[in-house]
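Trainee: I have a structure I would like to understand better, so I am pasting it below and will then ask my questions one at a time.
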Amino acid sequence: MSDRKIAIVTGGSRGIGRAVAVELAAQGCDIVITYKANDEAAAETLRLVREAGGQGEALKFDVGDPSAAEEKLNELLGRLERVDVLVNNAGITADGLFLMMPRKDWDAVLDTSLGGFYNMTKPVLRKMLRKKQGSIVSMASVSALVGNRGQANYAAAKAGLIAASRALAAEVARLGIRVNVVAPGLIATDMAANAPVEHIKQMIPMGRVGAPEEVAKVVRFLCSDDASYITGQVLSVNGGMC
């Protein structure tokens, strides 16, 4: 890593996470992405980060696994001088009607989003506090705001992220750390590939699906000095859907 700012982006191998990593690299950050499985996709993100002007590194582990997160972060944070940005983007879906939902699907979704928030944010926050500056942005969803049918687990996880972020923002505001949330609507990613796109588009006033880069630009704003008086907020990126 160089003397540039350092940003950690979880779930950075594809979709919104990749777009965020590239956008932050273009704005002067070196990037550490985490990813769970897809080596090829992670390598492609690092290539794009370098193309955008930043240095990159990829760590392979499940952010929802406390032991794995502790091991990887202890090693990473032990050799980094600073961490300026943390983007909690990793998330999964396991949709189904609540009455038919297996407990494992409930736990998996909450472990990744909410457990991942805890596992990543707590150690990174300690690093940020040493310099009394930093920005934490977590990726929620329009599902947290409207409660989509068949997504009780996902809605609960993402709504929990909003509540946790607002509480944390109040705790660390005087210590120079800002904490915010971005809540995307329907975005053209692999996660949305099986969604009933044409049906959902009818509920979007702008009448189209969003691009990952449109979300990434909002994250970049919240992580920048242009957002220096913004904390504890939720910015929706959903074409007017909510």
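Trainee: May I ask which of Lys60/Lys132; Lys36/Lys104; Lys36/Lys201; Lys104/Lys201; Lys104/Lys217 have a Cα-Cα span longer than 23 Å here?
Mentor: Distance filter (> 23 Å) returns Lys60/Lys132; Lys36/Lys201; Lys104/Lys201; Lys104/Lys217.
Trainee: Summarise the accessible area of segment 1-97 (1.4 Å probe, protein heavy atoms) by the percent that is carbon and sulfur.
Mentor: Answer for segment 1-97: carbon and sulfur cover 44 percent of the accessible area.
Trainee: Go through segment 228-233 residue by residue and turn each phi into a ³J(HN,Hα) via Karplus (6.51, -1.76, 1.60, θ = phi - 60°); whole Hz please, and just put x for glycine and proline.
Mentor: Listing the rounded values in order: 5, 10, 10, 8, x, 10 Hz.
Trainee: Can you tell me the orientation of helix 66-79 relative to the chain, as the angle in degrees between its alpha-carbon axis and the longest Cα principal axis, to the nearest 10?
Mentor: 30
Trainee: Which of the lysines could a cross-linker span from Lys127 if the Cα-Cα distance has to be under 16 Å and same-chain partners fewer than 8 positions apart are dropped?
Mentor: Of all the lysines, those that pass the test against Lys127 - Cα under 16 Å, at least 8 places apart if same chain - are Lys5, Lys72.
Trainee: Over segment 114-207, with every protein chain in place, what whole percent of the accessible area is carbon and sulfur at 1.4 Å, could you tell me?
Mentor: Values: 2400 of 4470 Å².
About 54 percent, which is the carbon plus sulfur part of the accessible surface.
Trainee: Can you tell me what percent of all Cα-Cα pairs in the chain are more than 30 Å apart?
Mentor: Tail fraction, whole percent: 19.
Trainee: Right, something else. Can you give me the long-range amide H partners of Ala183? Hydrogens built in the peptide plane at 1.01 Å from N, cutoff under 5 Å, separation of 5 or more residues or another chain.
Mentor: Under 5 Å from the amide H of Ala183 lie the amide H atoms of Ala140, Leu235, Ser236, Val237, each far enough along the sequence or on another chain.
Trainee: What distance in nm separates the simple spin-label points at Lys217 and Ala94, each placed 7 Å from Cα in the Cβ direction?
Mentor: About 3.6 nm, to one decimal.
Trainee: Sticking with this structure for a sec: How large is ³J(HN,Hα) for each residue in segment 141-148, as worked out from phi by the Karplus curve 6.51 cos²θ - 1.76 cosθ + 1.60 (θ = phi - 60°), to whole Hz, x for Gly and Pro?
Mentor: 6, 4, 4, 6, 9, 10, x, 5
Trainee: Once the piece of chain linking Val146 and Asp226 is laid out straight, how much longer is it, given 0.36 nm per residue of separation minus the C-alpha distance between them? Could you put the intermediate results ahead of the total?
Mentor: Details: separation 80, 0.36 × 80 = 28.80 nm, distance 2.93 nm.
Contour length minus the Cα-Cα distance gives 25.9 nm.
Trainee: Here is a follow-up. ³J(HN,Hα) across segment 105-122 via Karplus (A = 6.51, B = -1.76, C = 1.60, θ = phi - 60°), whole Hz, x for Gly/Pro?
Mentor: For segment 105-122, the Karplus curve yields 6, 4, 5, 4, 5, 5, 4, 6, 6, 7, x, x, 4, 5, 5, 8, 5, 4 Hz.
Trainee: In degrees, nearest 10, range 0 to 90: what is the angle between the Cα axis of helix 212-223 and the longest Cα principal axis of the chain?
Mentor: 50
Trainee: Segment 150-220 to segment 1-61: how many Å between their Cα centroids?
Mentor: So the two Cα centres are separated by 19 Å.
Trainee: In terms of Cα to Cα distance under 14 Å, which aspartates and glutamates are near enough to Lys158, apart from those fewer than 8 places away along the same chain?
Mentor: In chain and number order, the partners are Asp95, Asp107, Asp111.
Trainee: Sticking with this structure for a sec: Can you figure out the FRET efficiency of Glu70 with Lys132, using R₀ = 30 Å and their beta-carbon distance, to the nearest 0.05?
Mentor: Once rounded, the FRET efficiency stands at 0.80.
Trainee: Sequence-distant or interchain residues sharing an amide H contact under 5 Å with Gly232, placed H: which?
Mentor: Distant-sequence amide H within range of Gly232: Val179, Asn180.
Trainee: Angle, helix 39-51 long axis vs. longest principal axis of the chain, Cα atoms, 0 to 90°, nearest 10?
Mentor: For helix 39-51, the angle is close to 60 degrees.
Trainee: Same structure, new question: Ignoring everything except DSSP H segments at least 4 long, calculate the 222 nm mean residue ellipticity for the chain; use -39,500 (n - 2.57) per segment, divide by total residues, nearest 500.
Mentor: -13500 deg cm²/dmol
Trainee: What whole-number value in Å² describes the accessible area per residue of the chain for a 1.4 Å probe?
Mentor: Roughly 48 Å² per residue, with all protein chains present.
The values are calculated or read from the model by the stated rules, or taken from the named source; none is laboratory data. Every value quoted in this text rests on a predicted model; they were computed, and no experiment measured them. Quick reminder, even Gly has a Cβ in these numbers, built from the backbone with ideal geometry, and neighbours come from all protein chains shown. We work out accessible area using only protein heavy atoms, side chains counted, and drop any ligands, DNA or RNA first. Shrake-Rupley method; radii C 1.70, N 1.55, O 1.52, S 1.80 Å.
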